1. Taking only pairs six or more apart or across chains, which ones have beta-carbon atoms under 6 Å, a first residue in segment A:189-201 that is without any contact (Cβ under 8 Å) to a residue 24 or more places away in the chain, and a second residue that is outside any helix (DSSP H, G or I)?
2. Which count do you get for residues in segment B:520-548 that are under 12 Å from residue B:474 (Cβ atoms) and surrounded by 17 or more Cβ atoms within 10 Å (Cβ to Cβ)?
3. Filter segment A:130-163 down to the residues that are within 11 Å of residue A:267 (Cα to Cα) and among the small types (Gly, Ala, Ser), then identify the one that is farthest from ligand 2 (Cβ to nearest atom).
4. Listed residues A:117, A:131; which is charged (D, E, K, R) and either assigned by TED's automatic domain parsing to the domain that holds residue A:302 or touching a helix residue (DSSP H, G or I) at 6+ places or on another chain (Cβ under 9 Å) (or both)?
5. Scan A:141, A:125, A:79 and give me the residue that is under 23 Å from residue A:62 (Cα atoms) and either out of contact with any strand residue (DSSP E or B) (no Cβ under 7 Å at 6 or more places or on another chain) or surrounded by fewer than 23 Cβ atoms within 10 Å (Cβ to Cβ) (or both).
6. Filter segment A:106-128 down to residues that are within 19 Å of residue B:43 (Cβ to Cβ) and outside any loop (DSSP other than H, G, I, E, B) and give me whichever is nearest to the other protein chains (Cβ to nearest Cβ).
7. Would you check which residues across segment B:596-638 are of a type in the set (Lys, Arg) and either facing chain A (nearest Cβ under 9 Å) or under 30 Å from residue B:95 (Cα atoms) (or both) and list them?
8. Return the only residue of B:546, B:578 being in contact (Cβ under 8 Å) with a residue 12 or more places away in the chain and within 14 Å of chain A (Cβ to nearest Cβ).
Amino acid sequence: MINFQYLRTSSAKSAIALLLKDKNAKFLAGGTNLIDLMKRGVTAPEKLIDINHVPLKQIEQVGSKIHIGALATNTAVAEHALIKEKLPLLSWALQAGASAQLRNVATVGGNMMQRTRCGYFYDTEMPCNKRQPGSGCGAMEGFNRMHAIFGTSEKCIAVHPSDMCVALAALDAEVVLANHKGERKIAFRDFHRLAGDTPQLDNNLKTDEMIIRLEIPVSNLAKNYHYLKVRDRASYAFALVSVAAAFELNNNKITDVRLAMGGVAHKPWRLTASEDFLKGKEASLSNFEKAAELAMKGAKGFGENNFKLKLAPNTIIEALNLAKSKA
Amino acid sequence: MEKRMLKEDTDRVDGILKVTGRAKYFAEYELPGLTYGVLVTSTITKGKITALDTKAAENAPGVIAVVSHLNKPSAAAYEQEGGPQMKIFYTDKIFYNGQPIAMVVANTFERATHAASLVKATYAKEEFNTDFAKALKDPKAKKLQGQADYKRGIENAYKTAEVKLEERYFLPIETHNPMELHGMIADWRPNNQVTVYAKTQGVKSTQGTIANVFKIPPENIQVNSEFVGGGFGMALRTWPLEIATVMASKHIGKPVKVVITRAQMFTMVGNRPAAIQTIGLGADKDGKLTGITHRAYGETSTYENFTEGVVNMAKFMYQCDNVNTSYAIVPVDLGVPIWMRGPGEATGAFALESAIDEMAHALDMDPLDFRIKNDPETDQQKNKPFSSKNIKEAYKIGAEKIGWSNRKNKPGSLVEGQWQTGYGVSVGVFNANRGKASVKGILKADGSLLLQSATSDIGPGTGTGMTLIAHKLMKIPVDKITFELGDSSLPPAPSQGGSATLSTVGSAVNDVCEALKSTISELAIHSGMDPTANFVEVLKKNNLPAIEVTKESHSGKERDNYSMYSFSIHFVQVKVHALTGVVKVSKIVSVGDSGTIVSPKTARSQMLGGAVGGIGMALTEEAVIDHRYGRYINNNFADYHVPVNADVPEIDVNFINKPDPYINPMGAKGMGEIALIGFSAAVANAVFNATGKRIRSLPITPDKVLG
Ligand SMILES: Cc1cc2nc3c(=O)[nH]c(=O)nc-3n(C[C@H](O)[C@H](O)[C@H](O)COP(=O)(O)OP(=O)(O)OC[C@H]3O[C@@H](n4cnc5c(N)ncnc54)[C@H](O)[C@@H]3O)c2cc1C
Ligand code: SF4
């Protein structure tokens, strides 16, 4: 038997203390990703620290920010009145992910930490630098239809599969992390990382840290927004490409704009060049097209995913169109 | 069409059992001393096992035995030369990646699963090829004839036609993957008495296979399979994993249960093989077909050949004096395929029905008019009249319901914002079979009727159909009739496949009921009663608790005189997004022309299921293999996409519901296959109509629409 210890704790402090004691421990939240990985033999933690009883499920406004606890479920966040009213983009992105059953147990922290869906990563008989550094990248010259076109490395071309994270990157969220010494706060955009030479690392969370909560500024982006997810079936499929788009309009002039893409990189891909271009411009199709063109700088296909080079800009344009028509 | 539905429309006789969880499927039987088997599979694609280290597994907690080619539990037929090709646990040869090479049996499923991970195989690898398209191009690769070449009139006449086209169509591997996982419980007891709980489309076939492999009399083998959680063709044979289960039980002298994993469902129980097809069509300027050529290549394995009816439809579906077909199979290093709903005909219909649409476009004709213009009066292949065929009526009903008049013949004409709307139509056709089956009927003085036959129900509602046939003839309330199936000790019936069960077993039910009725009226006359007296009174008067009749029924001369087919017409409306390439099926109208509809509710369900399966085939389903490794990449339900509810619009199901005068006493033809056959072409045709883009490679995913 692959034995592991199961521990349950009801405070963040004790969870962190347990984590510190054992390098091979892992937090168990909704379990929708971790348990699958354990069953497939991709990971074998010696200790599971069940954090579902840790009281970090708050969804509340604190000053000009909305705080969301790391253990709030995807459903709770998506359906919360405050989120629907002030951060509808996040609500939409969450609803576009997984299935209702999964969202009911999946948590915010778990969603951020979910691993890539690259098929080679899941099959322990296949080479994969992310699962087993140095074994090679199966996808590079293999089945890479779902894979990245931005920020890829020679070691790994996987994408981060989350929908929620794309909206959070767009919304300038921050993440509060904690270890036994205390808390730190980082921009959500800096939470995930590119694969580089260490594809085994998905993000910048330290091994002794726990995700505590998100802090998301309330902005004027609740009117013209859209989360457009293009996928192989109407629901319950990961994004081929997704776009989170939101802007503030003043006399059809764009005064603030956020754009991020999913399904294209090892992290949620914020489109700053496009944003910079759109700021102060008219919300017109030709400007949307130009913004989409700018977004594609540096994009590179690997064969089966070449279609994303066309799909990605198209999806940006359509997401902006739909955001505009919301008014 | 609603009006034409029979009054006898009823719920499934086992519906309540199914939705309340009381219907018992094979894996749910608890036998005393039950043990659990888990299969170890090869991780290479071709070669030999040079060593198999089972020590660690054998020493793991709870493990009872590790069965493999090293200990070869006795299976008489496997000990002989020749015989079945892949003799599980009797060979060290690896034919494909994922082939079962050992079974670990333990006292719990979890322990067996863990111990299975401890079995280590060492291999001598050989070069392999799992890429069908590559094999097809390779002049050195084997190509075997799959069906005799067919020729009527001039070969390749399309080449000299006034209007001609020649196109290639590609279908990937599709898997059946019903919800219920495959497996078996086998209990081998002393004196070679065997009981199995199986997931099978034919209890008699499972019984026969086990008898053959182990060389014991079939009477020694009891096969139970009362409920099956979906088959779609996958359970039409007894797979090596099932033989392995019986072997293991024999070896350890205890009952063994095996339930394979979802990933193993991709490699151990067959699939719809990939196919590459070329269609050549020729027509005169007035839209009369002058030549049809259909050449197909299907995938098969290296250790067993698999063929199906890919090119059948081209031979008779359209009026045309010059038709030729060929069909070859190409071995690759994968597990052997098996029929999947609609089998080869569904593969062939995608190509033919796409090409017909392409020809209509080339002629600038409405594809419906083109089809009607080339609709044959008789079967030119068999040179016989059709026993019944109401296609033109079906076209009319469907066209009206889908709103065909809104369709524009010029593609890309209906645009609303980024969404383009298109309409498509296609035909499905399948042989209206009738085999031989026996049914026993026991009519009881308590007013009930018990019917028994060793047939199966993989989902269509066999018991419901049979009950309704008996109800109509005997005028006994539905809840007083019981139909027992899925038990090899009952009177024999063929496997449930080829849409033949209702026709075959239903005819025997009919004959049994007629016989019971005449016995009752004879008894009535003998005892001085009115010959139409109620059977309960007749039985009571004669002091009989019950009477019993067994009848065997089969087709007769009618099949020599008529060509018998079931037909279906699929109309679909799609919306295609110009920027993202997303295709949504927005409306479906299907019309079934399959004789009398015996059980309207379950018949409708067949058409619904066919349409959903058709959406999968058209838009989402593709089993992907990395040919460098010979392994499936998307062998799970997150990555192998079957349609979800959100992909399925309202489906308007219609039936012609006119009895076929010849096929059988009910006038009913099968309809399980026609529900799917042709559907994918209707979608492809609608996508073309919406966008002007012809996609000849399934599934039609956004990348292809954009590309
Ligand atoms: C079939 C399927 C389809 C899916 N489709 C989609 C989709 O379309 N879009 C999408 O976005 N997602 C999708 N998902 C993924 C889903 O969103 C994630 O599995 C889920 O969000 C993970 O959350 P969880 O709470 O279950 O995490 P768990 O599985 O419990 O944990 C995942 C990881 O996060 C770590 N972790 C959890 N909480 C914390 C914390 N507070 N601090 C530090 N580490 C933590 C765990 O240790 C573990 O390593 C799908 C999943 C499945 C199985
Ligand atoms: S893309 Fe990344 S995750 Fe996928 S095989 Fe390559 S290294 Fe592994």
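The values are calculated or read from the model by the stated rules, or taken from the named source; none is laboratory data. Keep in mind that what you see is a predicted model, and the values were worked out from it rather than measured. Because the Cβ atoms are built from the backbone with ideal geometry, glycine has one as well, and the counts that use them run over all protein chains shown.
1. Listed by first residue and then by second, the contacts come to nothing, as the list is empty.
2. Residues that pass the stated criteria total 2.
3. A:162
4. Sole residue among the options that is charged (D, E, K, R) and either assigned by TED's automatic domain parsing to the domain that holds residue A:302 or touching a helix residue (DSSP H, G or I) at 6+ places or on another chain (Cβ under 9 Å) (or both): A:131.
5. Values: A:141 fails: under 23 Å from residue A:62 (Cα atoms); A:125 fails: under 23 Å from residue A:62 (Cα atoms).
After applying the criteria, what remains is A:79.
6. My answer is A:119.
7. Taking segment B:596-638 first, the residues of a type in the set (Lys, Arg) are B:601, B:604, B:628, B:631.
Within segment B:596-638, B:628, B:631 meet the criteria.
8. Values: B:546 fails: within 14 Å of chain A (Cβ to nearest Cβ).
From the options B:546, B:578, the qualifying one is B:578.
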